[in-house]
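First the structure, in the form of structure tokens, and then the observations on it.
Only the coordinates and a few stated rules stand behind these numbers; no lab work does. Because the structure is predicted, anything quoted here is derived from the model rather than measured. All Cβ positions, even for glycine, are placed from backbone atoms using ideal geometry, and neighbour counts span all protein chains on display.
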Amino acid sequence: MASTAPPYIPDLPSLSKTKAPVLHDAALDNPRSINAQSTATLEVRVTCWNVGGLSRVIDDDVFINSLGNWDIVVLTETRFLPADLHVTGFKSLNSAHCLNTGDKVTLFTGGVAILFKTSISHTFKKYHFIGPSMICAQFDRSLLGCKNDLFIVCVYMPHHSSVYYDVHSWALLTSFLGSLDAAVDATVILAGDINARIGALSPMLTDSVRRDSDDVLVNRLGRDFISLCSNHGLLPLNGIRRVGDSLFSPSNFHCSPTFAPGGLSRSSVCDYICVRTATVSHLAIN
């Protein structure tokens with residue numbers, strides 16, 4: 001039976017009032033106060049989730065209510081039009097998956113969004129469009145009391161066998177991350193569905209790293225992803241056990257599959273949250 005393709009429309013990323021949730025999650029805390037008179041620990045709760053189509057859950061009260069647990073929500077594979085995302089209590093940056101031409105989008109795959117509570121919206125500084133299903137939200141350093149800004153990089157990368165896979169996306173992502181490398185004190189969180197299977201591989205970083213993984217397979221995107229992390233000092237948190245002399249508990253950094261649609265034979269780890277090694281000591285995993 002023939003199917004009718006959804007209409008293609010211009011990609012117009014929007015900043016609108018919004019709310020909406022979790023595969024991996026981390027609370028990022030920093031003991032430095034926002035000003036000299038404050039002694040409270042600053043904490044930002046960040047989560048990442050592949051929703052497999054926002055339209056199927058956006059009217060689900062359980063889904064919506066769960067979002068209140070987080071300050072920043074990264075959503076991948078939204079397949080959602082930019083102007084349609086509205087959730088009370090949040091603002092959103094929403095981008096449907098753009099095609100190679102750059103001026104059209106499709107709802108057949110990808111799409112990403114970053115939601116952040118209106119209570120922290122005064123710290124939002126800039127929206128960065130990186131490429132197809134790749135965006136970044138930049139927040140002022142005052143959000144965490146850091147020396148530099150917080151960058152939330154949201155990525156969905158189609159599988160390398162998909163007709164929507166574009167090898168140039170890696171160059172676009174590499175170029176953007178390269179622009180952040182000079183900001184050595186910046187807090188960078190890269191989160192999303194990379195469709196990369198990296199097994200127990202670890203990036204080559206200044207500090208030695210050891211990871212565990214219940215998914216032992218390494219695919220082409222996995223090797224590309226590890227190379228990208230090595231080049232830009234990023235550490236996948238999935239299954240980390242040692243960074244330098246610091247040890248990390250399996251109960252905090254699980255190594256189990258993030259995608260298990262049809263039993264163990266198809267189970268894989270392909271969704272990640274990555275940070276710079278200097279940030280790891282400030283993480284509290286939920």
Report summary line: Note on the stretch 147-160: residues over 16 Å from Ser179 (Cβ atoms) and surrounded by fewer than 20 Cβ atoms within 10 Å (Cβ to Cβ) are Lys147, His159, His160
Query raised in the report: In the stretch 177-186, what count of residues is obtained for those that are farther than 24 Å from Val269 by Cβ and either of a type in the set (Lys, Arg) or crowded, with 18+ Cβ neighbours inside 10 Å (or both)?
Result: 2
Query raised in the report: For the stretch 180-241, list the strands (runs of 3 or more DSSP E) that sit wholly inside it and hold at least 3 residues that are of a type outside the set (Val, Ile, Thr); which are they?
Result: 187-193, 234-236
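To keep it simple, each residue is scored yes or no on (1) surrounded by fewer than 17 Cβ atoms within 10 Å (Cβ to Cβ); (2) among the hydrophobic types (A, V, I, L, M, F, W, C).
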residue: Thr106; (1), (2): no, no
residue: Ile114; (1), (2): no, yes
residue: Ile130; (1), (2): no, yes
residue: Met134; (1), (2): no, yes
residue: Arg141; (1), (2): no, no
residue: Leu144; (1), (2): no, yes
residue: Ser162; (1), (2): yes, no
residue: His168; (1), (2): yes, no
Requested in this report: Only one of these is polar (S, T, N, Q) and touching a Pro at 6+ places or on another chain (Cβ under 9 Å): Thr118, Thr123, Thr106. Name it.
Outcome: Thr106
Query - Lone qualifier among Val105, Val87, Val112 - being in contact with a Cys (Cβ under 9 Å, 6 or more places away or on another chain) and within 26 Å of Val44 (Cα to Cα) - result: Val112
Query raised in the report: Quick one: would you say Leu228 is buried (at least 16 other Cβ atoms within 10 Å of the Cβ), out of contact with any strand residue (DSSP E or B) (no Cβ under 7 Å at 6 or more places or on another chain) and under 21 Å from Ile114 (Cβ atoms)?
Result: yes
